[in-house]
Structure formats: C-alpha cells, structure tokens
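The values are calculated or read from the model by the stated rules, or taken from the named source; none is laboratory data. Every value quoted in this text rests on a predicted model; they were computed, and no experiment measured them. Note that each Cβ is placed from the backbone with ideal geometry, even for glycine, and that neighbours are counted across all protein chains shown. Protein only, heavy atoms only, side chains kept; ligands, DNA and RNA dropped before computing areas. Shrake-Rupley method; radii C 1.70, N 1.55, O 1.52, S 1.80 Å.
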Amino acid sequence: MAEPGPPGDRYRIRLDDGRVLAWTQWGPRGARPVVFCAGAGMSGSLGFGTAHLARLDLSLVAVDRPGLGDSSPHPGKTLASWVDDVADLLGRLGQPEVYAVGFSQGSVFAAALAGAGLVRAAALVSGQDDLRAVRGELPPEVRTMLDEAAADPVAFEAEVAEWAGADRLWDLVVGMSSPADRAYYTGGAFGAAYREALDEGFAQGAGGYARDLVTAIGDWYVAPEQVGVPVDLWYGGGDTSPVHSPDQGRGLAARFPRGRLHLLPDEGGSLLWTRSADILVGLLQR
C-alpha cells in the first residue's frame, strides 16, 4: 500500500498587502523549484515524488492557495491574483528555472502559471478540464453546477461555503473514484495524509475552497491556445471523476500549442503518486 513520503518543511512569507502566503517544501535547497498546485480543498502538506527530487535536482514547493492551509484568505482571489502571489514567492526564492505541476482542480491554477510565462513547463495530472468549453460533454450534475455558478457566482460561492468541509469533500473524492483509486486513497498512511491535507485546507473554514471552486470553473487565466510553454497532460484510463476531463485530456491537449498527452490505460486518477518519477522526468525533458 502507498506511503505518503516524509513530511516537508513549512514556510511562510508576508506579501505586500499584508497577507501570509504559506508553502511546504521538499528536496535540496537551491534546486530547481517545481510549484505544486494541490487538489481541491487541500493544503500543500501532501507532496508527491519526494524520493526522486535529489537525483533530479528538484525541490517541490507546494503552495497553500489563499484561504487554505496557513495562507491568509483573499476574498477577491482570482487566477490573476494567484499568479501575482506565486510571482512574488518565486522572486524571493530566486531560482530562474521553475516548473509547475497541478493535480485535479489544481491543474487550472498550474495552467495559469504556464499562461503567465512564470514557468518553463507545466504538467497537468488528472486535471480538471476547461469545463465551460466542454459543457456539452459533461454529466448533468456538473452542467448544473456550471450554470448555477454562471448565473449568480456570488450566491453560488456562498452556498458552497455553507455545505463544504473536509469530511464532505473526502466523501466526494472517494465516491467519485474507481475501486482501484478508492483503495489507493483510503489505504493506510497515505489515506491518513490525504485526510490531513484536507483538514488543514479547511482549518480556516470553507471560504477558501468555495472561492477556489468558483475560480476554477470560470474562465481560465488565458485560453490554452495562448499558452506558449510546453504542457504535459497525464490521465489514467481508469479515472472516473466527472470533474476531470470528459475525454481523458484528448481535446484539452490539442488546444495547447505545445501540449503532449500521456494517456495510461492501466492507471487511474491517482497516477500523480503511482507515476511520480515519470511525470517529473517528462517535465524536465520539455
């Protein structure tokens, strides 16, 4: 059964507007950073591929998005403000060669970093698609969510903040997963670490998650067609989540000018952890 890897080191900075931005870091200091955008509602405490970082000369920098984990809330958070926050952090880290990886909902935030040209290359793993662009291919419950958010985003965000929580989101993740992914997520120490990342993500309440959800199902920071850096897309043939990609990334990969799809038929949505080395090595080859 999967093990979560060693805990990372926690850091925080104070941004110019007074907010705190926090992150968890693994790997050799001074190595090339990989900014990790975690999944929905999660803090950055659950990393991936940490056993491979030293030999690849990488450090994993898992940022708590505003309102999640130890990062201050930002009620006006947008993809543009997220890009600004990460640009501030990267300026202080002082490393010129930076990469990004996004998992599930975090892929939208990683794509924003790629669209802004902040990173040399990005990998979107089990990534949420540009949902508005593929609305007709989505199941009815996801189309309804998109329509409600578009009709009244303020009311939708407030409603999500009322019902959301770590337990509710965990039940959604497990319930939407295939049997193989469900066994992976719930098994042993890994399941406990996943739950801990969700508990930390909701420690300040559900407002950060609600704002993330509205942001991630809205317009992307830039359209995929305008992203100039290489983007790898990784999907498992056994990924059953209805909020990832309806065609397992085929259409989305084709929209990125330098997109490359890795579709692994025997993997599920958990391939960020089962194929960590391949994802990181592939990123460095771009």
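Please go through the range 150-192 and pick out each residue that is open to solvent by 60 Å² or more (accessible area, probe 1.4 Å), without any contact (Cβ under 8 Å) to a residue 24 or more places away in the chain and not hydrophobic (A, V, I, L, M, F, W, C).
Hits for the range 150-192 are ASP152, GLU159, ASP167, ARG168, ASP171, PRO179, ARG182, THR186.
Filtering the range 1-51 down to residues that are out of contact with any Leu (no Cβ under 7 Å at 6 or more places or on another chain) and hydroxyl-bearing (Ser, Thr, Tyr), which residue is least open to solvent (accessible area, probe 1.4 Å)?
THR24
Can you list the strands (runs of 3 or more DSSP E) lying wholly within the range 1-108 that have 2 or more residues being touching a helix residue (DSSP H, G or I) at 6+ places or on another chain (Cβ under 9 Å)?
Correct list: 20-26, 32-37, 58-63, 99-103.
Can you run down the residue pairs with Cβ atoms below 7 Å, 6 or more apart or on separate chains, where the first is in the range 270-286 and among the aromatic types (Phe, Trp, Tyr) and the partner is in a helix (DSSP H, G or I) and surrounded by fewer than 20 Cβ atoms within 10 Å (Cβ to Cβ)?
That search, which allows pairs on different chains as well, returns nothing.
Right, VAL243: in a loop (DSSP other than H, G, I, E, B), at pLDDT below 95, at negative phi and of a type in the set (A, V, I, L, M) or not?
Answer is yes for this residue.
It is to be established whether one or more residues within the range 105-113 are among the polar types (S, T, N, Q) and touching a residue at least 24 places away in the same chain (Cβ under 8 Å).
Yes, the range 105-113 has at least one match.
Out of ASP199, ASP147, which single residue is assigned to a helix (DSSP H, G or I) and surrounded by fewer than 16 Cβ atoms within 10 Å (Cβ to Cβ)?
ASP147
In the range 157-181, how many are among the aromatic types (Phe, Trp, Tyr) and within 13 Å of ALA40 (Cβ to Cβ)?
1
Which members of the range 202-217 meet the condition of being part of a loop (DSSP other than H, G, I, E, B) and either more than 27 Å from LEU118 (Cα to Cα) or open to solvent by 10 Å² or more (accessible area, probe 1.4 Å) (or both)?
Within the range 202-217, PHE202, ALA203, GLN204, GLY205, ALA206 meet the criteria.
One line per residue, one yes/no per condition, for (1) within 15 Å of VAL214 (Cα to Cα); (2) over 15 Å from the mean Cα position of the chain (by Cα); (3) at pLDDT 95 or above:
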site: GLN95; (1), (2), (3): no, yes, no
site: GLY102; (1), (2), (3): no, no, yes
site: GLN105; (1), (2), (3): yes, no, yes
site: ALA116; (1), (2), (3): no, yes, yes
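Can you name the number of the only condition in (1) buried (at least 20 other Cβ atoms within 10 Å of the Cβ); (2) not in a helix (DSSP H, G or I) that GLY117 fails?
Exception for GLY117: condition (1).
Being in contact with a strand residue (DSSP E or B) (Cβ under 7 Å, 6 or more places away or on another chain), surrounded by 19 or more Cβ atoms within 10 Å (Cβ to Cβ) and either of a type in the set (Phe, Trp, Tyr) or assigned to a helix (DSSP H, G or I) (or both) is the requirement here; does TYR221 meet it?
no
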